[in-house]
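Before any comments, here is the structure.
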Amino acid sequence: MFERYARQLLFGGIGVEGQKKLSASCAVIIGCGALGTVIATSLARSGVGKIRIIDRDFIEFHNLQRQILFTEEDVVQQIPKAVAAERHLKRVNSSIEIEGVVADVNFTNIERLVQDADVILDGLDNFETRFLINDVSLKLHIPWVYGAAISSTGMSRTILPGETSCFRCLLDTPPGRGQVETCDTVGVLNPAPMIIGSFEAVEAMKILVGSGEINRDFLIIDFWEGTFEKLTISHDRNCPVMNRWRADCMQNISAHEPSNDANITNT
Ligand SMILES: [Zn+2]
């Protein structure tokens with residue numbers, strides 16, 4: 001029954017048992033732009049049993065430079081990204097469940113949209129929704145994979161509730177609009193989201209098969225400069241989310257106690 005995944009089954013980290021776990025899993029991808037289309041493509045082809053893709057936007061011509069699932073026809077037909085992604089991926093893998101949801105993810109609907117998820121993937125382009133993912137991830141004990149790509153750079157990190165520090169340990173509040181550069185102001189080269197999206201997808205696979213090889217560090221890559229950097233983000237004792245769900249986090253926090261006041265250290 002897993003014949004289509006033959007080359008993946010040969011990989012020691014997956015195997016038949018891992019493939020069964022992927023088939024029984026649910027991944028929720030929030031944001032279906034450059035990162036989301038890469039993540040969704042990877043997870044659908046890998047056989048994750050249930051994939052929910054959430055995005056509120058319609059496809060525009062300037063998206064085609066980097067959003068690998070979409071076509072010129074999708075633009076002409078003015079199809080929402082979530083609908084187009086579902087339609088295309090069902091033609092790639094009809095043996096899994098793919099659900100495109102056209103919605104603006106916010107505090108009123110996020111719990112309902114992710115409650116059955118085994119992993120949440122960040123395909124977003126804004127900080128506010130990432131903070132929402134972070135908080136709901138800790139509340140519902142669902143791992144999430146952060147990813148971002150801008151210009152020629154990309155970054156990613158996996159957050160395991162109760163095990164690793166969280167997104168707010170790195171950044172306590174979302175930066176205001178205009179305070180940070182975005183793809184709308186400085187652009188983006190398509191290898192950045194392609195590689196970061198792939199990185200997020202493999203992190204999701206590792207989580208779903210129960211691998212211990214999770215990337216707990218903050219990975220920063222500049223694809224133009226050819227530089228790779230890994231930072232360790234320790235628990236911030238003042239992190240509001242960590243404190244709110246302290247009972248959950250404290251179980252494993254002792255292993256990651258910060259050695260000084262700074263919560264970022266080079267590895
Ligand atoms: Zn935190």
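The values are calculated or read from the model by the stated rules, or taken from the named source; none is laboratory data. Since this is a predicted model, take the numbers as computed values, not measurements. Neighbour counts run over all protein chains shown; Cβ positions are idealised from the backbone, glycine included.
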| Can you tell which of Asn243, Asn190, Asn238 is in contact (Cβ under 8 Å) with a residue 12 or more places away in the chain and within 13 Å of the ligand (Cβ to nearest atom)? | Asn238
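What's the total number of residues in the stretch 161-182 that are of a type outside the set (S, T, N, Q) and crowded, with 20+ Cβ neighbours inside 10 Å?
First pass over the stretch 161-182, keeping only residues of a type outside the set (S, T, N, Q): 161-163, 166-172, 174-178, 180-181.
Then keep just the ones that are crowded, with 20+ Cβ neighbours inside 10 Å; that gives 161, 166-169.
Adding up the residues that qualify gives 5.
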| said: Exactly one condition in (1) within 16 Å of the ligand (Cβ to nearest atom); (2) crowded, with 23+ Cβ neighbours inside 10 Å; (3) outside any strand (DSSP E or B); (4) not charged (D, E, K, R) is false for Ala204; which is it? | reply: (1)
| message | Just the residues that are surrounded by 12 or more Cβ atoms within 10 Å (Cβ to Cβ) and assigned to a loop (DSSP other than H, G, I, E, B), please, taken from the stretch 69-81. | response | Leu69, Phe70, Thr71, Gln77, Ile79
| Does Leu160 satisfy being farther than 21 Å from Ala204 by Cβ, within 14 Å of the ligand (Cβ to nearest atom) and hydrophobic (A, V, I, L, M, F, W, C)? | no
| Odd one out for Arg130, checked against (1) within 16 Å of the ligand (Cβ to nearest atom); (2) buried (at least 23 other Cβ atoms within 10 Å of the Cβ) | (2)
| Residue that is nearest to the ligand (Cβ to nearest atom), among those in the stretch 136-154 that are within 22 Å of Leu208 (Cβ to Cβ) and surrounded by fewer than 20 Cβ atoms within 10 Å (Cβ to Cβ) | Lys139
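Listed here are the residues, each with its yes/no results for (1) touching a Ser or Thr at 6+ places or on another chain (Cβ under 9 Å); (2) under 29 Å from Cys32 (Cβ atoms); (3) surrounded by 15 or more Cβ atoms within 10 Å (Cβ to Cβ); (4) at pLDDT below 50.
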site: Arg244; (1), (2), (3), (4): no, no, no, no
site: Met250; (1), (2), (3), (4): no, no, no, yes
site: Glu257; (1), (2), (3), (4): yes, no, no, yes
site: Thr267; (1), (2), (3), (4): yes, no, no, yes
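Within the stretch 48-59, identify whether any single residue is in contact (Cβ under 8 Å) with a residue 12 or more places away in the chain, of a type in the set (Lys, Arg) and part of a strand (DSSP E or B), and answer yes or no. Can you show your working first?
So in the stretch 48-59, the residues in contact (Cβ under 8 Å) with a residue 12 or more places away in the chain come out as 48-59.
Remaining after also requiring of a type in the set (Lys, Arg): 50, 52, 56.
Narrowing the set further to residues that are part of a strand (DSSP E or B) leaves 50, 52.
Yes, there is a match, as at least one residue in the stretch 48-59 is in contact (Cβ under 8 Å) with a residue 12 or more places away in the chain, of a type in the set (Lys, Arg) and part of a strand (DSSP E or B).
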| task | Grab the helices (runs of 4 or more DSSP H) fully contained in the stretch 82-189, keeping just those with 1 or more residues being hydroxyl-bearing (Ser, Thr, Tyr). | result | 127-140, 183-186
